[in-house]
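*Asks:* Sending over a structure as structure tokens; questions will come in a sec.
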Amino acid sequence: DAKTTQPPSMDCAEGRAANLPCNHSTISGNEYVYWYRQIHSQGPQYIIHGLKNNETNEMASLIITEDRKSSTLILPHATLRDTAVYYCIVLNYQGAQKLVFGQGTRLTINP
Amino acid sequence: EAQVTQNPRYLITVTGKKLTVTCSQNMNHEYMSWYRQDPGLGLRQIYYSMNVEVTDKGDVPEGYKVSRKEKRNFPLILESPSPNQTSLYFCASSRSRIGGTNEKLFFGSGTQLSVL
């Protein structure tokens with residue numbers, strides 16, 4: 001699976017859009033981009049995933065560049081409860097036996 | 001409500017005293033897995049199971065056992081716990097092999113284990 005690179009930390013004001021970048025320059029054509037988050041010591045939570053088209057669900061939007069080498073997770077109106085560590089993970093379309101969690105981005109939403 | 005349930009939430013024990021952390025899911029998922037989380041090391045997979053009676057080692061299986069006799073349950077067994085197994089443990093499940101086109105992993109709320 002492709003390696004991902006994320007900034008270690010970010011800050012965002014409450015009510016603003018939080019944009020979390022992820023670099024996956026070695027991604028191959030059959031790999032999906034997944035995003036999970038972990039709020040304090042709770043279990044990680046699935047957010048969204050995509051292959052090459054932009055995706056949106058009730059939690060967030062995922063923008064994947066045309067060359068697929070990077071992506072951005074967008075939380076449109078961040079709240080204090082969005083403070084968490086966000087993980088960008090690349091997975092083969094055939095599936096995998098585990099998620100490989102990197103260090104992620106620690107997002108802090110400030111009032 | 002669809003969920004992965006772990007018990008207990010907190011556990012303090014002593015070295016060598018056998019313990020079991022239970023995990024149960026109500027989503028009829030085939031795939032289940034255990035992770036441990038340690039500061040600076042992130043989440044690492046201990047064991048996983050693709051279906052009933054099918055288990056395999058993850059990245060850090062030493063000192064742990066698992067069993068999958070029923071689809072819904074996947075207990076983690078520490079036969080002789082040691083202080084280096086002090087950690088935050090998570091159970092997770094998925095309908096089938098994770099990733100792919102649409103398979104997300106559902107996590108339990110965690111078990112904080114302290115081995116003295």
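*Asks:* Hey, what does the equivalent ellipsoid look like for chain A, semi-axes from the Cα gyration tensor as sqrt of 5 times each eigenvalue, largest first, whole Å?
*Replies:* One finds semi-axes of 23, 15, 12 Å for chain A.
*Asks:* Provide the gained length on full extension for the span B:N73 to B:T5, in nm with one decimal, where the gain is 0.36 nm per separating residue minus the Cα-Cα distance.
*Replies:* Using 0.36 nm per residue and subtracting the Cα-Cα distance, I get 23.5 nm.
*Asks:* So, how do all the Cα-to-Cα distances of the protein assembly as shown break down into 5 Å bins, in percent, from 0 on up?
*Replies:* Calculated P(r), rounded to whole percents: 1, 7, 14, 18, 18, 16, 12, 8, 4, 1, 0.
*Asks:* Right, another one. Taking each pair of different alpha-carbon atoms in chain B once, compute 1/r for the pair, average those values, and report the inverse of that mean as the Kirkwood hydrodynamic radius in Å to one decimal.
*Replies:* 14.1 Å
*Asks:* Below 29 Å, Cα to Cα, which lysines can A:K3 reach? Residues fewer than 8 away in the same chain don't count.
*Replies:* A:K52, A:K69, A:K98, B:K57, B:K104
*Asks:* Can you list, largest first and rounded to whole Å, the semi-axes you get for region B:43-102 by taking the square root of 5 times each eigenvalue of its Cα gyration tensor?
*Replies:* Taking √(5λ) for each eigenvalue gives 22, 14, 9 Å, largest first.
*Asks:* Where in region B:44-94 are there trypsin sites (Lys or Arg not before Pro) that are in a DSSP coil and have at most 11 other Cβ atoms within 10 angstrom of their Cβ?
*Replies:* B:K69
*Asks:* While we're looking at this one, here's another question. Could you tell me which Cys residues in the protein assembly as shown have no other cysteine's Cβ under 4.7 Å from their own Cβ, answering none if every one has a partner?
*Replies:* So, A:C12.
*Asks:* Roughly what % of DSSP beta bridges within chain B run antiparallel, to the nearest 5?
*Replies:* 90 percent
All of the numbers you see were taken from the coordinates with simple rules; none came from a lab. From a predicted model like this one, the values you see are computed outputs, not experimental measurements. Note that each Cβ is placed from the backbone with ideal geometry, even for glycine, and that neighbours are counted across all protein chains shown.
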